[in-house]
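Q: Input: one structure, supplied below.
Read-outs: derived from the displayed coordinates by stated rules, not from any lab. What you are looking at is a predicted structure, and each value in this text was computed from that prediction instead of being measured. Note that we place each Cβ from the backbone using ideal geometry, even for glycine, and neighbour counts take in every protein chain shown.
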Amino acid sequence: MARATLLQPSSSLSYALLPLISRRANFPDNLRLFHHLFFNTKLHFSIKTSTTTTTKPPLMKVSAQARRSFSSSSKIASPSDLQFESPLKIIEYPDPILRAPNKRIGTFDENLKKLVHEMFDIMYKTDGIGLSAPQVGMNVRLMVFNSAGERGIGEEIVLINPKIYKYSSKKVLFDEGCLSFPGIYADVERPESVKVDAQDITGAKFTANLSGLSARVFQHEFDHLQGTLFFDRMTEEVLDSIRAELEALEKKYEDMTESPSPEKIESRVRNRMAAGFGRL
Ligand SMILES: [Zn+2]
């Protein structure tokens, strides 16, 4: 997820600040720092490490949206699935890697640590605050994020084989960006907070309550692990505002690969309209 998302909070207090900043624009360092500080104070991220790896999450009501997200792959990644070349490169839409199934990780070794390190490297270099493994060409269930977006500031979070087991009923809008869609930002509605479980870099299970920007970044990256992209969750009206930019990425892909784009926003919108779909 791209760092510029820091510009578009959803709380009423944050909205009061919006006239001070320009959407999706470069802005002075002192203002950026101000927003870093402001949002970091609003972040709530708590982790409770399980005392045993067999601990199950508490039984809770799960929304329909959560049930859809439970469809995690049961396939375990092989060593070859986790082989990578340095330096990593960001995969951009409409590369089919972003829609491919992602396997669970079962081996927690030095190679995995190196992959995580390289993912943080490229995330910071590309001005991101979150990154999922498929975005660097690895179809495995792994995400990293640091809401502060800078090495040495904030907290580096690694989530392996994550699951969401509860969403808040309250949903909020936020202007999201994605490293696989350079320069494209648009509003996406998501639950304000989530409860998740995952494994850390050593394989130990933990649960986490995420809210604010952490919840936003987590859900964006979790979607990547489900093969869902942020524009899949936009309203038709919002999608209209970025359609030309998506088509430009499709054209870029076709020019680079000399093959047809595996998906086209134009035909997808037409199909949804023909099927009478409202929004996803
Ligand atoms: Zn993304």
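Q: Provide the per-residue ³J(HN,Hα) series for segment 155-162, in order, calculated from phi with Karplus coefficients 6.51, -1.76, 1.60 and θ = phi - 60°, each as a whole number of Hz, with x at glycine and proline positions.
A: Whole-Hz 3J(HN,Hα) from phi for segment 155-162: 10, 7, 10, 10, 10, 10, 6, x.
Q: Show which aspartates and glutamates lie in cross-link reach of LYS103 when reach means a straight Cα distance below 17 angstrom and same-chain residues fewer than eight apart are skipped.
A: Within the straight-line limit of under 17 Å, LYS103 reaches these aspartates and glutamates: ASP81, ASP197, ASP200, GLU221, ASP223.
Q: May I ask you to order 185-194, 200-209 by the average number of other C-beta atoms within 10 Å around their residues, highest value first?
A: Details: 185-194: 20.7, 200-209: 16.0.
Going from most to least packed, we get 185-194, 200-209.
Q: How much length is gained on full extension from SER169 to ASP232, taking 0.36 nm per residue of separation minus their Cα-Cα distance?
A: Working: separation 63, 0.36 × 63 = 22.68 nm, distance 2.01 nm.
Residue separation times 0.36 nm, minus the Cα-Cα distance, leaves 20.7 nm.
Q: So if each residue of separation counts as 0.36 nm, and I subtract the Cα-Cα distance between PHE108 and ILE76, what length gain in nm does that give? It would help to have the intermediate numbers written out before the result.
A: Working: separation 32, 0.36 × 32 = 11.52 nm, distance 1.23 nm.
Separation in residues times 0.36 nm, less the Cα-Cα distance, equals 10.3 nm.
Q: Here is a follow-up. Peptides 240-248, 218-226, 114-122: what's the order by average Cβ count within 10 Å, highest mean first? Intermediate values should be presented prior to the final figure.
A: On the way: 240-248: 15.2, 218-226: 24.1, 114-122: 17.8.
Result, highest mean first: 218-226, 114-122, 240-248.
Q: Sticking with this structure for a sec: Exposure proxy check: ASP255, ASP197 ranked by fewest other beta carbons within 10 Å? The partial results should precede the final answer.
A: Details: ASP255 8, ASP197 19.
Fewest to most other Cβ atoms nearby, the residues stand as ASP255, ASP197.
Q: Long-range amide H contacts for GLU176: which residues qualify at under 5 Å (H placed 1.01 Å from N, peptide plane, sequence gap of 5 or more or a different chain)?
A: ALA186, ASP187, VAL188
Q: Hey, fewest Cβ within 10 Å first, where do ILE91, ILE164 land in order?
A: The most exposed by this proxy come first: ILE91, ILE164.
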